[in-house]
Ligand code: HEM
């Protein structure tokens, strides 16, 4: 039986997913070794990235290949801005907007999003961010509250209740992925651009490592990327760009 496209896409990006998930910044953030500023720094990067992604999604809203994916209930841009305002305005964290720079990585990611011009590329970035947010992102939200006492009012980016239950939504999203060829889309463009999307995320996360306070003690030595061997799709792992 032919493999469904959603499974092929997931398998093709499994190695690079593992790499971005295990960048030092992500591991330290998730394991409670950073602080609220580091999380705010990540959110700050998201302001420009989601603004660009959501502008591009609107631009392609009527495109027959992208239209099945377009859903304004996924949009995170306004939530991100509000979450950041909550964090910066909170007396508890003493955060300063000027101490939360937009990195070159975030600017490059947003610039790339501004330049893409094929619906399959928009799908790739849409999938990478939103399916990620609906998956591992849910753990990020929970852990930020637990480790750094970030209140629910500043974690609304991870709240997708407007979509209904997450699992059926992701299942139906995968059905839409499986139907890309049916709407005239080119699956290989989606795979190639999804790799680029993951690379852009990895580069950004690597840059955040050096910008966030990260005590080296008790951090696992092997927390860096480990690109080696073929991916599940049988091609060489993406060379580590992080
Ligand atoms: C702390 C970091 C992360 C953790 C713990 C994590 C964890 C997970 C888990 C457990 C899933 C599987 C969910 C499922 O099968 O329903 C998943 C899926 C996914 N993640 Fe992550 N992830 C992390 C970071 C990222 C990042 C940085 C990206 C990209 C920007 C990303 C993109 C995705 C995507 C696109 C999927 C959907 C895969 C599919 O089902 O096709 N993740 N993640």
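The values are calculated or read from the model by the stated rules, or taken from the named source; none is laboratory data. This structure is a prediction, so every number in the text was calculated from the model and none was measured. We place every Cβ from the backbone using ideal geometry, glycine too, and count neighbours over all the protein chains shown.
For the range 13-25, name all the residues that are within 14 Å of residue 204 (Cβ to Cβ) and surrounded by fewer than 22 Cβ atoms within 10 Å (Cβ to Cβ). Show your work before the answer.
Of all residues in the range 13-25, those within 14 Å of residue 204 (Cβ to Cβ) come to 16, 19-21, 23-25.
The one that is within 14 Å of residue 204 (Cβ to Cβ) and surrounded by fewer than 22 Cβ atoms within 10 Å (Cβ to Cβ): 21.
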*Just to be sure, is residue 62 modelled with pLDDT of 95 or more and assigned to a helix (DSSP H, G or I)?*
no
_Being in contact (Cβ under 8 Å) with a residue 12 or more places away in the chain and within 18 Å of residue 76 (Cβ to Cβ): is that true of residue 147 here?_
no
*Just for the range 26-38: of the residues that are within 25 Å of residue 77 (Cα to Cα) and more than 12 Å from the ligand (Cβ to nearest atom), which one is surrounded by the most Cβ atoms within 10 Å (Cβ to Cβ)?*
34
*Of the numbered conditions (1) modelled with pLDDT under 95; (2) closer than 23 Å to residue 19 by Cβ; (3) more than 16 Å from the chain's Cα centre (by Cα), residue 91 fails exactly one; give the number of that condition.*
(2)
*Can you tell me which residue among 97, 18 is within 16 Å of the ligand (Cβ to nearest atom) and out of contact with any strand residue (DSSP E or B) (no Cβ under 7 Å at 6 or more places or on another chain)?*
18
*Hey, any hits in the range 118-125 for a residue that's free of Cβ contacts under 8 Å to residues at least 24 places away in the same chain and in contact with a helix residue (DSSP H, G or I) (Cβ under 8 Å, 6 or more places away or on another chain)?*
no
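What number of residues within the range 2-15 are out of contact with any strand residue (DSSP E or B) (no Cβ under 9 Å at 6 or more places or on another chain) and either more than 19 Å from residue 182 (Cα to Cα) or within 9 Å of the ligand (Cβ to nearest atom) (or both)? Write out each step before concluding.
Going through the range 2-15, the residues out of contact with any strand residue (DSSP E or B) (no Cβ under 9 Å at 6 or more places or on another chain) turn out to be 2-14.
From what's left, either more than 19 Å from residue 182 (Cα to Cα) or within 9 Å of the ligand (Cβ to nearest atom) (or both): 6-7, 9-14.
Number satisfying all stated conditions: 8.
Does the range 55-73 include one or more residues that are within 14 Å of the ligand (Cβ to nearest atom), in contact (Cβ under 8 Å) with a residue 40 or more places away in the chain and either closer than 19 Å to residue 205 by Cβ or over 16 Å from the mean Cα position of the chain (by Cα) (or both)? Can you show your working first?
Residues of the range 55-73 within 14 Å of the ligand (Cβ to nearest atom): 69.
Within this subset, residues satisfying the condition of being in contact (Cβ under 8 Å) with a residue 40 or more places away in the chain are 69.
The next check asks that each one be either closer than 19 Å to residue 205 by Cβ or over 16 Å from the mean Cα position of the chain (by Cα) (or both); those that pass are 69.
Yes, that holds for at least one residue.
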*Which residue pairs have Cβ atoms under 6 Å apart, sit 6 or more places apart or on different chains, and have a first residue in the range 17-34 that is over 21 Å from residue 195 (Cβ atoms) and a second that is in a helix (DSSP H, G or I) and more than 10 Å from the ligand (Cβ to nearest atom)?*
24/209; 29/38; 32/147; 34/28
*asked:* Just the residues that are over 10 Å from residue 212 (Cβ atoms) and in a loop (DSSP other than H, G, I, E, B), please, taken from the range 30-55.
replied: 31, 32
*Looking only at the range 5-12, decide whether some residue is crowded, with 20+ Cβ neighbours inside 10 Å and under 16 Å from residue 207 (Cβ atoms).*
no
